[in-house]
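Chemist: Following this message is one structure expressed as structure tokens.
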Amino acid sequence: MAKASLLSRFQGCLLGAVFGDCLGAKFEREWTEIPYDKVIAYMNKIIKKVGQEKLEKGSVFYTDDSCMTFDLAKSLVGNRKYDAADVAKNFSETYFSQPTHRSYGGNVAFVFFSLKQMNYAGDVYRPAREQFDGSGSYGNGSAMRVSPVPLFHHNNIPSIVELSCEQSKLTHTHPLGINGAILQSLAIEKALLCEESVGGLDPIKFCSDLIQQYKDVTTVEDDKHVYEGQLGHIIRYLKSTELVKAKEINERIGSDVTAQKAVPAAIFAFLYTLDAKRIPQLTKFNGFLRAVIFAVGFSEDCDTVGSMAAAIAGAYYGVDMIPKEWTFACEGGTEALELAEQLYDLHLK
Ligand code: F2R
Ligand code: MG
Ligand code: MG
């Protein structure tokens, strides 16, 4: 199959992030492995309901992952540049305006309270620096929302790294949090740039090149080796002919609310499912859906790993692989497509 156009990849990335979040959110509170059949049954139930006109547009809710992705994307598009105070204000105001079902991380709300108190003026990075007695958060929150960054700075790795880092520091200043956001951005950018047609991408080469690029370009040296180790585990699983069990992935790589586990888990889900035959229960699905169903199925933090895996997969496969019924059903589905198009227009200019 031919490779997708760049616009289709931009849209696949942003809509993918929202789709993975909406699909995973259904199982978020289970904190355990979900059988593929259960994820597939839910996905198909929504498709059927939309087909029968029994579901309203946008009625499958997203969570904090998509809230913050939209907050960042809207600020970048609106200002045509990164404005730290504006992004901080968007994050915080969305948090205060949203109903409780968005399920934000346990501690990040303290940052939003401080930012509001400061009226988004002065040093907007200070509240995040003060989290966890000054060590900063290493939650996956700044990686889960980073997908607009490689779209905004497509083809410019130094700017992608810098902006991934800056937007992270608004809430997550721990080196593992920042490097997680950088690595997720690099994975998306690499997927956007893949010249190989669908079916022709070598997952081991993708991962080896990603490790090398991450080592070469990341500007945060502390704890840098943690992600190198995690990507090494991914390569070992990719080389193995034996099917890896969810329990083993979770023991070795992990998939929880920390960036050092969730980001590698998402990259793993994309790469492991490139081969359609690898997981027999998923063979009949397209590559994008294989990645997302797999990610949601094995992950502890299934909305977030699902969302990040889908952002990478969408950047590679393009938007046409996402079921139209889900674009309709997802809250923010149409908005994600429009924002991706605006980011694409900015890229062309
Ligand atoms: N967390 C959820 N869903 C569960 C909702 C729980 C609910 N709010 C409740 O309180 O019951 N989902 C969302 O959270 C993840 C993103 O979280 P984020 O934005 O990174 O938040 P935070 O608070 O910065 O970090 C999350 C947890 O990680 C641990 N942690 C982080 N840094 C730490 C450090 N330096 N020392 C010790 N622990 C650290 C803490 O437990 C934080 O609470 C996504 O999954 C999103 O979907
Ligand atoms: Mg969430
Ligand atoms: Mg989550």
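Chemist: Using every Cα-Cα pair within segment 1-74, state what percent have a distance larger than 15 Å.
Modeler: I get 66 percent for the Cα pairs in segment 1-74 exceeding 15 Å.
Chemist: Cβ under 9 Å from residue 302's Cβ, residue 302 left aside: what net charge do those residues give with Lys, Arg +1 and Asp, Glu -1?
Modeler: -4
Chemist: Quick one: among 230, 260, 52, which has the greatest mean-square fluctuation in a GNM of the chain with alpha-carbon springs under 10 angstrom?
Modeler: Fluctuation is largest for 52.
Chemist: On average, how much area does the Cα convex hull of segment 99-172 cover when viewed from any direction, in nm²?
Modeler: For segment 99-172, the mean projected area of the Cα convex hull comes to 5.8 nm².
Chemist: Given the DSSP H assignment, sum -39500 (n - 2.57) over each helix run of at least 4 residues in the chain and divide by its residue total; what's the result at 222 nm in deg cm²/dmol, nearest 500?
Modeler: For the chain, the value works out to -20000 deg cm²/dmol.
Chemist: If we restrict to alpha carbons, what Rg and Dmax does the chain come to, in Å?
Modeler: Computed over the Cα atoms of the chain, radius of gyration and Dmax are 18.3, 55 Å.
Chemist: Also: When the Cα atoms of segment 159-218 are enclosed in a convex hull and the volume is divided per residue, what value in Å³ results?
Modeler: 81
Chemist: Okay, next question. Mind checking which lysines have their C-alpha under 29 Å from residue 81, skipping anything on the same chain fewer than 8 residues away?
Modeler: 89, 116, 169, 190, 215, 224, 349
Chemist: Among residues other than residue 32 whose Cβ falls under 12 Å from its Cβ, what is the net charge (Lys/Arg +1, Asp/Glu -1)?
Modeler: Spelling it out: positives minus negatives among the neighbours equals -3.
Chemist: Then there is this: Can you tell me, using C-alpha contacts under 8 Å and at least 6 residues apart, the relative contact order of the chain as a whole percent?
Modeler: Dividing the mean separation by the residue count of the chain yields 35 percent.
Only the coordinates and a few stated rules stand behind these numbers; no lab work does. Bear in mind that the values here come from a model prediction, so they are computed numbers and not experimental data. When we count neighbours, we look across all protein chains shown, and the Cβ atoms used for this are built from the backbone with ideal geometry, even at glycine.
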